[in-house]
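Accompanying notes for the structure given below.
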Amino acid sequence: MENYEVPFKDRNFRAKAGEHWLAVRTLGGRRMLNYGELQSVGYTRFFGGQFLLQGAGGTVRIPAGIRGAAELIERIGGKIGRDAFAEAQKALDEKRTEMEKWTR
């Protein structure tokens, strides 16, 4: 596969996703995470909704409302397996259903 970088931006959050890594910069500092280190991807409704990428080195939070977050989480879910991704997948499905209601 080709190398790629996808930027994600919010007022207080910036991230770049590569083929095997995720780099995050927030007001709290910078973190880099390899997808191989991930143990699970969860979801919390706090702060407007956040995806929680939990690895051996700690947790990285991705705001659910930023553009491209759903695609990033689905891509990561494909790399770590569906069992570790179940909670985040449920949240994505609920958000899609909610959006479909608004578009009708």
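The values are calculated or read from the model by the stated rules, or taken from the named source; none is laboratory data. Please read these numbers as outputs of a predicted model, since none were measured by experiment. Glycine also receives a Cβ, built like all others from the backbone with ideal geometry; neighbour counts cover every protein chain displayed. All accessible areas refer to the heavy atoms of the entire protein, side chains included, with ligands and DNA or RNA removed. Shrake-Rupley method; radii C 1.70, N 1.55, O 1.52, S 1.80 Å.
Tabulated results
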| item | result |
| --- | --- |
| Matching residues in the range 56-68 - criterion: being within 18 Å of Glu19 (Cβ to Cβ) and crowded, with 18+ Cβ neighbours inside 10 Å | Val60, Ile62 |
| Within the range 30-44, tally of residues that are over 16 Å from Lys79 (Cβ atoms) and open to solvent by less than 30 Å² (accessible area, probe 1.4 Å) | 1 |
| Condition met for Leu52 (at pLDDT 85 or above, among the hydrophobic types (A, V, I, L, M, F, W, C) and within 28 Å of Thr97 (Cα to Cα)) | yes |
| Answer from Gly36, Gly42, Gly57, Gly28 - the residue that is touching an Asp or Glu at 6+ places or on another chain (Cβ under 8 Å) and more than 15 Å from Leu92 (Cβ to Cβ) | Gly57 |
| Boolean, Leu72 is part of a strand (DSSP E or B), out of contact with any helix residue (DSSP H, G or I) (no Cβ under 6 Å at 6 or more places or on another chain), at pLDDT 80 or above and open to solvent by less than 50 Å² (accessible area, probe 1.4 Å) | no |
| Residues being open to solvent by less than 30 Å² (accessible area, probe 1.4 Å) and not in a loop (DSSP other than H, G, I, E, B) - total across the range 76-104 | 5 |
